[in-house]
Amino acid sequence: LHLDQSVNPAVIDGAVKILDLSAPLVADRVFGVSYHGATNELAFSTKNSPTIQRIHHPDDCGDLTLSQPPCQVQFLGSAEEAGASSLVHDDQARLYVADFSGVTRIPAFGTTFDTQARPVPGMNLGLYTALAFDSDNDGGRLYAGTTNGEGVDWIDVLKVTTGETATYSVGFDGVTAIGVDGESMPDGELLCDDERDVFRRWIAQGAQNN
């Protein structure tokens with residue numbers, strides 16, 4: 001997707017297909033996606049497989065209008081089950097997965113032979129369906145929202161440098177997406193989409209002591 005930031009608010013004004021998983025080639029669909037800018041790595045999960053894959057330098061491949069070569073997909077790691085709904089990188093390019101047992105983590109590409117997603121201690125209190133990472137607070141914070149199917153959902157937070165976990169905010173009904181808006185104010189805002197309310201905003205400053 002191309003984001004035009006010359007206007008306010010910014011708008012998506014174009015899109016290019018860089019990978020095709022449709023039938024008869026693969027017959028699968030992408031579920032979770034995360035891009036890590038420092039390594040220029042795009043990671044993604046699919047509906048029918050626990051395999052997490054990566055595309056290195058996705059901006060340099062797949063666009064036939066620019067005569068770019070096809071994108072090369074590489075194995076990054078394995079989630080606990082197929083269809084991980086959300087992925088997010090931290091500053092060290094480790095990948096967090098909204099997984100079967102809770103939030104799991106895959107080491108950064110090329111740093112170890114153990115590529116299985118491992119549970120993150122303390123992040124197993126619900127069925128997590130949305131993840132976001134904030135690099136500007138507490139040395140890095142991971143947010144994880146739940147969709148437990150009972151209309152009682154919340155967002156947990158992990159301080160990645162210390163391993164501390166806490167409940168960040170409650171009162172949701174199916175958290176489907178979370179985003180960190182670092183441009184809105186000095187301390188940023190946590191943007192949350194849940195199934196009951198179309199859009200909610202939560203100020204990150206209010207939970208920095210959690």
- Any residue at all in region 112-119 that is out of contact with any Gly (no Cβ under 6 Å at 6 or more places or on another chain), over 30 Å from GLU164 (Cβ atoms) and basic (Lys, Arg)? no
Can we say THR129 is among the hydroxyl-bearing types (Ser, Thr, Tyr) and part of a strand (DSSP E or B)? yes
Checked pairs for region 162-174, first in contact (Cβ under 8 Å) with a residue 12 or more places away in the chain, second assigned to a loop (DSSP other than H, G, I, E, B) and open to solvent by 40 Å² or more (accessible area, probe 1.4 Å), C-beta under 7 Å and 6 or more apart or across chains, list as GLY163/PRO121; ALA166/ASN210; TYR168/ASN210; ASP173/GLU195; ASP173/ARG196; GLY174/GLU195
Kindly evaluate TYR96 against the criterion of being closer than 30 Å to ARG118 by Cα, of a type in the set (Phe, Trp, Tyr) and touching a helix residue (DSSP H, G or I) at 6+ places or on another chain (Cβ under 9 Å). no
Residues of region 11-35 being under 20 Å from ARG118 (Cα atoms) and either touching a Lys or Arg at 6+ places or on another chain (Cβ under 9 Å) or of a type in the set (S, T, N, Q) (or both), in sequence order, are PHE31, SER34
Q.
Is it the case, given these coordinates, that GLN68 is surrounded by fewer than 17 Cβ atoms within 10 Å (Cβ to Cβ), among the polar types (S, T, N, Q) and over 17 Å from the mean Cα position of the chain (by Cα)?
A. yes
By residue number, the members of region 1-42 that are open to solvent by 70 Å² or more (accessible area, probe 1.4 Å) and touching a Gly at 6+ places or on another chain (Cβ under 6 Å) are HIS2, PHE31
How many residues of region 69-107 are without any contact (Cβ under 8 Å) to a residue 24 or more places away in the chain, in contact with a Lys or Arg (Cβ under 7 Å, 6 or more places away or on another chain) and assigned to a loop (DSSP other than H, G, I, E, B)? The answer is 1
Restricting region 90-118 to residues that are touching an Asp or Glu at 6+ places or on another chain (Cβ under 8 Å) and surrounded by fewer than 22 Cβ atoms within 10 Å (Cβ to Cβ), the one farthest from ILE55 (Cα to Cα) turns out to be SER101
Scanning region 126-141 residue by residue, those of a type in the set (Ser, Thr, Tyr), open to solvent by 10 Å² or more (accessible area, probe 1.4 Å) and under 18 Å from PHE31 (Cα atoms) turn out to be THR129
Every listed condition ((1) open to solvent by 10 Å² or more (accessible area, probe 1.4 Å); (2) farther than 20 Å from LYS47 by Cβ) holds for MET123 save (1)
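The values are calculated or read from the model by the stated rules, or taken from the named source; none is laboratory data. In this text the structure is predicted, and so the values were computed from the model without any measurement. Neighbour counts run over all protein chains shown; Cβ positions are idealised from the backbone, glycine included. Each accessible area value is taken on the protein alone, full model and side chains, heavy atoms only, with ligands, DNA and RNA left out. Shrake-Rupley method; radii C 1.70, N 1.55, O 1.52, S 1.80 Å.
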